[in-house]
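Take a look at the structure set out below.
No lab work stands behind these numbers, since they all come straight from the coordinates. Source: prediction; values computed, not measured. Methodologically, a virtual Cβ is constructed for each residue, glycine included, from the backbone with ideal geometry; neighbour enumeration extends over all protein chains shown.
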Amino acid sequence: MYYIGVDLGGTNIAVGLVDKEGQILHQDSVPTGVGRPYEMILKDMADLVKKVVADSGHTMAEIESVGVGSPGAADTEKGEIVFANNLYWHFVPVRAELQKHLGAIPVSIDNDANVAALAEMVAGSAKGRRDVILLTLGTGVGGGVIVGGRIVGGHHHVGAEIGHMITVTDGEMCTCGNRGCFERYTSATALIRMGRQAVVDNPGSAIHVAVGGDMEKVTAKVVLDAAKSGDIIAMEIFERYVHHLAMGIVSLINIFDPEVIALGGGVSKAGDFLLDAVRADVEKHIFYKDIPHAEITISPLGNEAGIIGAAMLGAMGQI
Ligand SMILES: [Zn+2]
């Protein structure tokens, strides 16, 4: 049997045919066309599902289920998007609408970050484990929590918003309207913010040199590379970044005691340079010092995590 995974984004709808090991056998995508009525977007999604199945040489009869990973909050029982701001969706009946086009096939839906954590458990760094937390360190910080093999979505479908844990009381202003959210200090955006400040304050820093004094050119990679090269200013930024990340991870370990905490997203490309620093800082602050704690690792999955995790929604209970 095969599973269909749909990664619904603000730009594209990506659909993949996935086997029970979480391997994508065939995939395709179409533009989402945000702003159109949801019926049209979901019709395009259903058409792409049929196309991917046909192009892969299979038939819909071989498909066990369709899973959709979506931004925003998803009511997994009703199969509805409760809201997804960047799609302008409120209470969109995804399951019912897809079944109009695909027949009575089971359709599951969940938040995209939760789904990515599920992918980690099936085909990523936490393969075969059942207690996993994924942190995606990108423009913001996404998070997914799996406890006992089940996604922790929360009673009102808005749980696991790890990026908006308030870790610094009355700290930096966040896009969400609060101050001091975890992602203000641990996203790629945070590295860029601190890197830009260094361009202004420290003309001698390797960051300033790398961008020729143009702070618009500062990226997370510029800051990380400067830190790797041993530049003192960049190292200070990196250590501040790592400390915020490590303290959030310590809290997550103290609350959930997972087996694995996987780091994904652009910043995780820093690899061992990041991991070694985070592990050392976590080690110093963990509550139960004499008891083994979660392995902190880098996710090996890239963009395909969205499709794999969504596909595996239909296989939950069997994995
Ligand atoms: Zn926030």
Could you please state, rounded to a whole Å, how far the C-alpha centre of segment 179-226 is from the C-alpha centre of segment 116-176? 25 Å
According to a simple spin-label model (label point 7 Å from Cα along Cα-to-Cβ), what is the distance in nm between Val168 and Lys289? 2.7 nm
Evaluate the charge dipole of the chain about its Cα centre and quote only its size in Debye, nearest 20, assuming +1 on the Cβ of each Lys and Arg and -1 on the Cβ of each Asp and Glu. 220 debye
Considering Cα pairs under 8 angstrom that are at least six residues apart, work out the relative contact order of segment 128-298 and quote it in whole percent. 22 percent
Taking the Cα centroid of segment 39-66 and of segment 289-316, what is the distance between the two, rounded to the nearest whole Å? 26 Å
Considering only segment 128-298, percent of DSSP beta bridges that pair antiparallel, nearest 5: 55 percent
I'd like to know how segment 1-135 sits against the 2.2 N^0.38 Å rule of thumb: what's its Cα Rg over that expected value? 1.00
Options Pro106, Gly79, Ile298, ranked by Cα towards positive dipole end of the chain, top entry (Cβ charges): Gly79
Can you tell me what percent of all Cα-Cα pairs in the chain are more than 33 Å apart? 29 percent
What is the ratio of the Cα radius of gyration of segment 199-271 to 2.2 N^0.38 Å, where N is its residue count, to two decimals? 1.32
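When the dipole is taken about the Cα centre of segment 205-319, and only Lys, Arg (+1) and Asp, Glu (-1) are charged at their Cβ, what size is it in debye, to the nearest 20?
That gives segment 205-319 a dipole magnitude of about 120 debye.
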Which one of Tyr88, Tyr38, Tyr288 has the biggest mean-square fluctuation once the chain is modelled by GNM with Cα springs under 10 Å? Tyr288
Going by average Cβ neighbours within 10 Å, how do the peptides 169-181, 186-198 rank, with the highest at the top? 186-198, 169-181
Rounded, prolate or oblate for segment 219-319? Axes are the square roots of the Cα gyration tensor eigenvalues, ordered a ≥ b ≥ c, and the cut-off for rounded is a/c under 1.5. oblate
Share of antiparallel DSSP beta bridges in the chain, in percent to the nearest 5? 60 percent
Two-decimal log10 I(q)/I(0) for segment 128-298, as the Debye equation yields it once each C-alpha is a single scatterer, q = 0.10, 0.14, 0.20 Å⁻¹: -0.38, -0.73, -1.32
Toy charge model, Lys and Arg Cβ at +1, Asp and Glu Cβ at -1: segment 128-298 dipole around Cα centroid in debye, rounded to 20, equals 300 debye
Considering Cα pairs under 8 angstrom that are at least six residues apart, work out the relative contact order of the chain and quote it in whole percent. 21 percent
Rank by packing, highest mean first: peptides 41-47, 133-139, with packing defined as the count of other Cβ atoms within 10 Å averaged across residues. 133-139, 41-47
Per the helix-only model, the chain has a calculated mean residue ellipticity at 222 nm (DSSP H runs of ≥4, -39500 (n - 2.57) each, divided over all residues, rounded to the nearest 500) of -11500 deg cm²/dmol
